[in-house]
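Notes follow the structure.
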Amino acid sequence: MVSSLRLPALTSLFSPSFTRRSTVSLRRRLHLRPPLAAGFSAQSAASSPTETEDRVDSKKSGRVQDRGSTDRVITPRSQDFNAWYLDVIANAELADYGPVRGTMVIRPYGYAMWEAIQDYLNVKFKETGHSNMYFPQFIPYSFIEKEASHVEGFSPELALVTIGGGKELEEKLVVRPTSETIVNHMFTQWIHSYRDLPLMINQWANVTRWEMRTKPFVRTLEFLWQEGHTAHATLEEAEKEALEMIDVYTKFAYEQAAIPVIAGRKSKVETFAGADKTYTIEAMMGDRKALQAGTSHNLGQNFSRAFGTQFTDENGLRQHVWQTSWAISTRFVGGIIMTHGDDAGLMLPPRIAPVHVVIVPIWKKVDEKTGVLDAASSVAETLKNAGLKVKLDDTDQRTPGWKFNFWEMKGVPLRIEIGPRDVSSGSVVISRRDIPGKQGKVFGISMEPSILEAYVKDRLDEIQSSLLQRAISFRDSNIVDVSSYEELKEAISLGKWARGPWSASNADELRIKEETGATIRCFPFEQPQGTKTCLMTGKHADEVAIFAKSY
């Protein structure tokens, strides 16, 4: 049995911790992009206007304010979380909406976040014995029909191709919603003997699911993901694999994304269509809704029996293989935004951030420009040589104040300012994104390479840890232990997660969903000791479950 991580020790990406600092908030004005809302859902469209938007941060109040009827600011999170989310995605240039309703174009900055996720997971997949490959995105409809619960679960979301080359197809094709069926078709051709097992592969691909209510990154008609598929000789090996991969996802969430997920098992109602068991990592977003951030399924022999995927065991007997599948998608990018962002925009964990440090040179007089830019370039080179991702914003079309706020909105963990006085003193000013105000601005940090490199790496390490601790505190303060259905309903009505003993029926679970809008997110791996009584029936319960509203 794998245990979930309550608070794993962060393997230091940078260097030992140092004194905490913070950033200063300055007045600024940014011209924002049109909102994303219209391209995704009616709910989104209702919450985002179409006029030009403008973001202003008041130095006096520290809040974003409206400067006129034709200008708007990033909507405060507390005012309208959905509108805030869409504003941040648009103005941080993470994504835009595609010409087909419900689709999105992932822009370079947003894709760089996805690449950071890929980079980490690719290494972990290979360390655990998996190889990358690729399957076609067109799947014969007859494949989907072979596994009864699978077709029932996915039918409402399928996109079908019926015409190709100007002619009606003999068999309609499904645009990949997931790949268990086509994987099994191929596994049947590749697996013959116990010597061919285990077979463990992964693919990075796009997926199409015809969602009716969409939200960028979180739920779109097409999204990017990785999906792992494995075949084993025994149930025990498949179960071990499914648990190992949810553990990989859990560690990624904690150590890279600074998101304190709760790992556990899905209820039967929430189990993946075609799986015997589904394991999940559940994350609490800034609006306290749950996000299913990754899943791992023990498929048993459901697909191998449907497709005849068999092997000859060591005794010469024919057996069906035992299988798993597991996936994380671009939904995780949305989770990072909604976990860490604030009214100023994105706030990115350094291990996910496309840019670790932005350098803003400042000068007023022409004769100061060359010296300042030379010093800024030298600092940038020093930090790049130290393995950090650095952006030198040396354009002169925007003011330093505009640049401060633009890069703050994009969530860059650290900002370095260099002016004429800094050049003369051989030092820089450094501000932290995660702590607003004067507390985060530190003057007089030496430009000497070894000192600057150590200081910057220390601060990045602190920010990574600080964001995780902040998210843990937020999560734990919004989970309520309940012992009755009335207590559960009260907790959910307050927007919190409810945790309580559960042994009731599927019908009772569906009743809770209908009456409260909450579902069982998981039965956590970490369970309290002692006797438990089901909150719904009053009968004995072996486990506690977590209930919450979700995306």
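The values are calculated or read from the model by the stated rules, or taken from the named source; none is laboratory data. These figures come from a predicted structure and were not determined experimentally. As a convention, Cβ positions derive from the backbone with ideal geometry for all residues, glycine included, and neighbour counts pool all protein chains shown.
Contact annotation: residue pairs with Cβ atoms under 7 Å, 6 or more positions apart or on different chains, pairing a residue in the range 400-412 that is at pLDDT 95 or above with a partner that is of a type in the set (Phe, Trp, Tyr) and surrounded by fewer than 21 Cβ atoms within 10 Å (Cβ to Cβ), are Lys410/Tyr109.
Exactly one residue out of Glu509, Glu514 is outside the structural domain of Lys389 (by the TED database) and without any contact (Cβ under 8 Å) to a residue 12 or more places away in the chain, and it is Glu514.
Over 24 Å from the mean Cα position of the chain (by Cα), among the charged types (D, E, K, R) and not assigned by the TED database to the domain that holds Val390, is that true of Glu115?
No: the conditions fail for Glu115.
Looking at the range 333-340, is at least one residue in contact (Cβ under 8 Å) with a residue 12 or more places away in the chain and surrounded by fewer than 23 Cβ atoms within 10 Å (Cβ to Cβ)? Give the derivation first.
First, the residues of the range 333-340 that are in contact (Cβ under 8 Å) with a residue 12 or more places away in the chain: 333-340.
Narrowing the set further to residues that are surrounded by fewer than 23 Cβ atoms within 10 Å (Cβ to Cβ) leaves none.
Looking for residues that are in contact (Cβ under 8 Å) with a residue 12 or more places away in the chain and surrounded by fewer than 23 Cβ atoms within 10 Å (Cβ to Cβ), one finds none in the range 333-340, hence no.
If you go through the range 78-102 and keep only what is in a loop (DSSP other than H, G, I, E, B), surrounded by fewer than 24 Cβ atoms within 10 Å (Cβ to Cβ) and out of contact with any strand residue (DSSP E or B) (no Cβ under 6 Å at 6 or more places or on another chain), you end up with Ser78, Gln79, Asp80, Glu93, Pro99, Val100, Arg101, Gly102.
Of all the listed residues (Ala327, Ala238, Ala258), the sole one being in contact (Cβ under 8 Å) with a residue 40 or more places away in the chain and in contact with a helix residue (DSSP H, G or I) (Cβ under 8 Å, 6 or more places away or on another chain) is Ala258.
Which residues, taken from the range 264-283, are touching a Ser or Thr at 6+ places or on another chain (Cβ under 9 Å) and of a type in the set (Lys, Arg)? Lay out the reasoning, then the answer.
Of the residues in the range 264-283, the ones touching a Ser or Thr at 6+ places or on another chain (Cβ under 9 Å) are 264-267, 269-275, 277-283.
Result: Arg265, Lys266, Lys277.
Within the range 158-206, the set of residues being in contact with a Lys or Arg (Cβ under 7 Å, 6 or more places away or on another chain) and either hydroxyl-bearing (Ser, Thr, Tyr) or under 24 Å from Gln301 (Cα atoms) (or both) comprises Thr162, Pro177, Thr181.
Rundown of residues vs (1) outside the structural domain of Ile246 (by the TED database); (2) part of a loop (DSSP other than H, G, I, E, B); (3) surrounded by fewer than 18 Cβ atoms within 10 Å (Cβ to Cβ), yes/no style:
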{"site": "Glu486", "(1), (2), (3)": "yes, no, yes"}
{"site": "Lys489", "(1), (2), (3)": "yes, no, yes"}
{"site": "Ile492", "(1), (2), (3)": "yes, no, no"}
{"site": "Gly500", "(1), (2), (3)": "yes, no, no"}
{"site": "Ala504", "(1), (2), (3)": "yes, yes, no"}
{"site": "Ile520", "(1), (2), (3)": "yes, no, no"}
{"site": "Glu526", "(1), (2), (3)": "yes, yes, yes"}
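Among the strands (runs of 3 or more DSSP E) confined to the range 285-371, the ones with at least 1 residues that are farther than 30 Å from Val390 by Cα, at pLDDT 95 or above and not β-branched (Val, Ile, Thr) are located at 290-300, 310-312, 318-320, 322-329.
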